[in-house]
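**Student:** I have a structure here, written as structure tokens, and I will follow up with some questions on it.
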Amino acid sequence: GSSLLPAHILKRKQRSIRHTRAVAAAEPPKDRRRRLPRLSRRRAQLAACVLGVCALFFLCLWQLPVEPGVQSRLPDSSSQLPATADGADVATAPAVNIAIASDEEAPFGLLGVVNSTLVHCATPAALRFHLIVPNARRAPLRSQLERLWPRLHVRTYSLDGGGVRAKIARHLRQSEREPLFASPFRYAVAYLPSLLPAVRRVLFLHTDVLLRADVAPLYASFELAGAPAAAVEDCATPLSALVDTASPALSSFSPSSCALDPAVMLLDLDAWLSLDVPSRVEYWLAQNRRLGGLFALDAAAPPLVLALLPLYRRLPREWNVAHLGRRRLSDPEIAHWRDFWKGRGVRYSATASGPTLVITAGG
């Protein structure tokens, strides 16, 4: 096209533009020459650092000393056990899963269950404890247990798993703004399949239980035959002592029927789910809240008993004996335990006629 510039000035400008383009093509800008090598060096340093950390990690695993007979403290619930430290071979002993639920601030009951179970078990390395406790207590309790029993196999669980806490809470109050009638942990047994998804068979123990026998043979050999649970029949407590059998909602139950004691129960969690025991428990909780008066609002045993009465198998009576086989404590025993707890800043208020451990903070 045409230009208003003189011909000689236009030619000089065109030569200048061609020269600038040639220089730009031959030599990249200074900032680019500086940036590319720096990026390459940083990437190389990062890669070397990652490789070094990985190599150090695997070297530590390779050289880590392992105490004979000790495996991970969080084993799979179905895993087989190695030989114990004293040489007794328990490699063929299957794991014995034990579940305990508690929200006690001072876990005396839980510690008593764990200790008595370990003491009376011929193969304590086979025991797997599954503890359902408040989130704030999980780490401190685990540390406490591992200090007392360094080789204890234990896992702690939250009640929030599978939305269990919310499912329980909606049946334990009349409205969202009201406080709960009772602790949700008292109902945790109904939701064990959701809380322990990797466990298929489990022995549930209440925190007021003390073991005086080896539970491994019971766990391994008792046949549930399709029943969701096995428990000891409690004919000292007729059903009429737990629930209002005069209510039309309970017309299918005999008032003189024997209850069951849920403090010691062997559970098949597959059958528990297939027979929908959680929904059965929730049904009776909902009926009690709707009708009122079927059983105490803060009572955890009645809905579980009503759900299981048509379904459970009977355990031998010796597997759940009230009050350690005695109905009374002697006066010297009461004095001993009162002094024992007093020295620890705790008040012990049991009586000879009611040998139940009742402790409260403070002297």
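**Student:** Which distance in nm do the two modelled labels at Leu210 and Ser279 give, with both placed 7 Å along the Cα-to-Cβ direction?
**Tutor:** Modelled inter-label distance: 4.2 nm.
**Student:** Report, by chain and number, residues whose modeled amide H sits under 5 Å from the one on Leu294, excluding near sequence neighbours (fewer than 5 apart, same chain).
**Tutor:** Correct list: empty.
**Student:** Further, regarding this structure: Among 285-292, 230-237, how do they line up by average Cβ neighbours within 10 Å per residue, starting with the highest? Mind showing how you got there, number by number?
**Tutor:** On the way: 285-292: 16.0, 230-237: 18.5.
Ranking the peptides 285-292, 230-237 by packing returns 230-237, 285-292.
**Student:** On to the next question. Read phi for every residue in the stretch 249-260 and hand back ³J(HN,Hα) as whole Hz from Karplus 6.51 cos²θ - 1.76 cosθ + 1.60, θ = phi - 60°, with x for Gly and Pro.
**Tutor:** After applying 6.51 cos²θ - 1.76 cosθ + 1.60, I find 5, 10, 5, 7, 9, 7, x, 8, 4, 6, 7, 10 Hz.
**Student:** Taking the simple approach of a point 7 Å from Cα along Cα-to-Cβ for both Glu176 and Arg290, what is their distance in nm?
**Tutor:** Those two pseudo-labels are separated by 2.2 nm.
**Student:** Let me ask something else. Using a 1.4 angstrom probe on heavy atoms only, work out the carbon and sulfur share of the accessible area of the stretch 96-322 in %.
**Tutor:** 54
**Student:** May I pose another question? Skip the ligands, DNA and RNA, and give the accessible area per residue of the stretch 96-322 with a 1.4 Å probe, whole Å².
**Tutor:** Roughly 43 Å² per residue, with all protein chains present.
**Student:** What is the P(r) of the stretch 144-248, as percent of Cα-Cα pairs per 5 Å bin from 0?
**Tutor:** All Cα pairs considered, the percentages come to 2, 8, 12, 15, 20, 18, 13, 7, 3, 1, 0.
**Student:** Using the Karplus curve 6.51 cos²θ - 1.76 cosθ + 1.60 with θ = phi - 60°, work out ³J(HN,Hα) for each residue of the stretch 231-247 in order, rounded to whole Hz, and write x for Gly and Pro.
**Tutor:** Values per residue, Gly and Pro as x: 8, 7, 5, 10, 7, 6, 10, x, 4, 5, 7, 9, 9, 7, 5, 6, 5 Hz.
**Student:** Let me ask you something else. So, in nm, how far is label Ala106 from label Ser252 when the simple model puts each one 7 Å beyond its Cα toward the Cβ?
**Tutor:** 4.5
The values are calculated or read from the model by the stated rules, or taken from the named source; none is laboratory data. For clarity, every value in this text was computed on a predicted model and none was experimentally measured. So basically every Cβ, Gly included, is an ideal-geometry build from the backbone, and we count neighbours across all protein chains shown. Ligands, DNA and RNA are excluded from the accessible area calculation, which covers all protein heavy atoms including side chains. Shrake-Rupley method; radii C 1.70, N 1.55, O 1.52, S 1.80 Å.
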